[in-house]
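Take a look at the structure below.
The values are calculated or read from the model by the stated rules, or taken from the named source; none is laboratory data. These numbers come from a predicted model, not from an experiment. Quick reminder, even Gly has a Cβ in these numbers, built from the backbone with ideal geometry, and neighbours come from all protein chains shown. Keep in mind that these areas ignore ligands, DNA and RNA; they rest on the heavy atoms of the full protein, side chains included. Shrake-Rupley method; radii C 1.70, N 1.55, O 1.52, S 1.80 Å.
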Amino acid sequence: MKKSIFPVFLSLVFAVIAFLYYQYQKPQNVITPPNIVDLSRKQLTSVPSDLIRNTDVVELNLSDNFLATLPSQIQSWKNLEKLMLENNQLTALPAEIRFFSKLKMLDASNNRLTGIPAEIGQLSYLKELNLSDNNITEFPNEILNLKGLNTLDIRGSPVTPDHLKKLQDNLT
């Protein structure tokens with residue numbers, strides 16, 4: 001009895017066709033993960049120009065670098081939801097943060113910030129703001145516009161008790 005290899009060959013052909021079909025088939029309803037950029041611990045002294053032009057970035061980590069300023073062109077990051085700037089040398093946050101209308105979390109702890117711009121009050125989705133271990137002595141009244149803010153961390157910053165009382169009085 002001689003066995004035919006035709007059924008084995010036919011099975012192999014069908015398997016290859018099925019593999020190729022599923023391999024190159026474009027799936028429907030696939031959710032693309034957000035554009036997450038992690039440039040932490042890269043010894044950056046400035047924001048890379050190609051990042052400035054990235055309008056799709058949703059989560060950005062620039063922590064543990066040597067950034068002293070952020071360029072005004074960051075306004076193109078309109079989809080940004082999470083921004084991590086901790087452990088840099090920032091002395092100020094630019095007013096252009098007002099364009100981060102989707103921002104939910106901002107961590108600018110362990111910098112050299114002496115204040116924050118009044119435009120922070122325009123970040124209506126902001127839930128978490130970490131400004132600990134900076135040189136901030138006062139906050140703009142616009143910070144009271146952040147109705148959805150759940151966490152404000154200012155530990156280690158020399159905010160005066162009088163200013164804290166003023167903010168507290170405005171909250172009530």
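Would you confirm, using the coordinates I've provided, whether THR45 is assigned to a loop (DSSP other than H, G, I, E, B), farther than 18 Å from LEU106 by Cβ and out of contact with any helix residue (DSSP H, G or I) (no Cβ under 9 Å at 6 or more places or on another chain)? Considered against the rule, which asks whether it is assigned to a loop (DSSP other than H, G, I, E, B), farther than 18 Å from LEU106 by Cβ and out of contact with any helix residue (DSSP H, G or I) (no Cβ under 9 Å at 6 or more places or on another chain), THR45 comes out as yes.
Of all residues in the stretch 88-147, none satisfies the criterion of being within 17 Å of ILE74 (Cβ to Cβ), among the acidic types (Asp, Glu) and open to solvent by 60 Å² or more (accessible area, probe 1.4 Å).
Listed by first and then second residue, the pairs with beta-carbon distance under 6 Å, at least 6 apart or on different chains, first residue in the stretch 54-81 and β-branched (Val, Ile, Thr), second in a loop (DSSP other than H, G, I, E, B) and open to solvent by 70 Å² or more (accessible area, probe 1.4 Å), are VAL58/PRO34. In the set (1) among the aliphatic types (A, V, I, L, M); (2) touching a Pro at 6+ places or on another chain (Cβ under 6 Å); (3) within 16 Å of ASP38 (Cα to Cα), LEU62 fails one condition alone, (2). Looking at the stretch 89-112, can you tell me whether even one residue there is under 12 Å from the mean Cα position of the chain (by Cα), more than 23 Å from ASN145 (Cα to Cα), assigned to a loop (DSSP other than H, G, I, E, B) and at pLDDT 95 or above? No.
Can you name the residue in the stretch 159-172 that is assigned to a loop (DSSP other than H, G, I, E, B) and open to solvent by less than 70 Å² (accessible area, probe 1.4 Å) and is also nearest to VAL58 (Cα to Cα) among such residues? Of everything passing the filter in the stretch 159-172, VAL159 is nearest to VAL58 (Cα to Cα).
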